[in-house]
1. For the range 201-211, name all the residues that are of a type outside the set (A, V, I, L, M) and at pLDDT 90 or above.
2. Keeping to the range 23-62, report how many residues are β-branched (V, I, T) and assigned to a helix (DSSP H, G or I).
3. Let me spell it out: the conditions are (1) outside any helix (DSSP H, G or I); (2) crowded, with 17+ Cβ neighbours inside 10 Å; (3) at pLDDT 95 or above, and Y65 meets all of them except one. Which number is the exception?
4. What about G79, is it of a type outside the set (S, T, Y), part of a loop (DSSP other than H, G, I, E, B) and farther than 26 Å from I173 by Cα?
5. Mind listing just one residue for me: the one in the range 83-103 that is of a type in the set (A, V, I, L, M) and open to solvent by less than 60 Å² (accessible area, probe 1.4 Å) and, of those, farthest from K120 (Cα to Cα)?
6. Can we say L24 is surrounded by 14 or more Cβ atoms within 10 Å (Cβ to Cβ) and either in contact (Cβ under 8 Å) with a residue 60 or more places away in the chain or on the phi > 0 side of the Ramachandran plot (or both)?
7. Answer yes or no: is there a residue in the range 83-106 that is at pLDDT 95 or above, among the basic types (K, R) and on the phi < 0 side of the Ramachandran plot.
Amino acid sequence: MEEKEISQAVVSRLPRYLRYLGELRDEGIERVSSQELSDIMQVTASQIRQDLNTFGGFGQQGYGYNVGYLYDEIGKILGLNREYRLIIVGAGNLGQALVNYSNFERRGFLFQGIFDCDPKVCGKEIHGITVRPMDEMDAFIREHNIDIAVLTIPKASAVEVAERLADCGIKGIWNFAHVDLRLPGHIQVENVHLSDSLMKLSYNLSSVEEA
């Protein structure tokens, strides 16, 4: 496929396509039209066709899309045809919840280690993984070829820890700390602010009530 800049808006919709196609596949449905996908996903059929055409199409006029094939191809586009090795930095409630969420492992995201600065937490086992002290993190990353670090730590220490992770060769950071990280371009960062989604819900509730 020819290299070209792909809109992040398109990329953000791909996981939804994958999720709904996975449900159709599990129901034994072999093909689906853009209009049928539109009805399920509440995205216009033209938007679906436009998004998929960004990557070369995949559909046939009069037939629609082969569900299994499209599911596999979107998985490849999203990089899910390989495994990623992850660590968690921060063994609090959110970090523990992420490690215990089994769907990540099914998608190929394999947690290898958990790190925390609290001596009371170190040595505790979470989902079969022992929490280690922070001073062991750098060597662990290099020894186990870790791809992604998940930050579930306070804002105050996030920037310093992120820079340390970058020096260790981390390729990507999934950041739940309440600060937008800015690192060298070769390190991919996904900043996640859970409160943003809740405030969006609050806005929509307020709009309905005012209407």
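1. First, the residues of the range 201-211 that are of a type outside the set (A, V, I, L, M): 202-204, 206-207, 209-210.
If the condition is that a residue be of a type outside the set (A, V, I, L, M) and at pLDDT 90 or above, then S202, Y203, N204, S206 are the ones that fit.
2. Pass one, the range 23-62, residues β-branched (V, I, T): 29, 32, 40, 43-44, 48, 54.
After this cut, where a residue has to be assigned to a helix (DSSP H, G or I) as well, the list is 40, 48.
Counting residues in the range 23-62 that are β-branched (V, I, T) and assigned to a helix (DSSP H, G or I) gives 2.
3. Only one criterion is unmet by Y65, namely (3).
4. No; evaluated as a whole, the condition is false for this residue.
5. L86
6. Here the answer is no, as L24 does not meet what is asked.
7. yes
This table checks each residue for (1) charged (D, E, K, R); (2) free of Cβ contacts under 8 Å to residues at least 12 places away in the same chain.
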| residue | (1), (2) |
| --- | --- |
| F140 | no, no |
| I146 | no, no |
| A156 | no, yes |
| K200 | yes, yes |
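The values are calculated or read from the model by the stated rules, or taken from the named source; none is laboratory data. Being a predicted model, the structure only gives us computed values, none of them experimental. Cβ sites come from the backbone with ideal geometry, for glycine too, and all protein chains shown count toward neighbours. Only protein heavy atoms, including side chains, enter the accessible area calculation; ligands, DNA and RNA are left aside. Shrake-Rupley method; radii C 1.70, N 1.55, O 1.52, S 1.80 Å.
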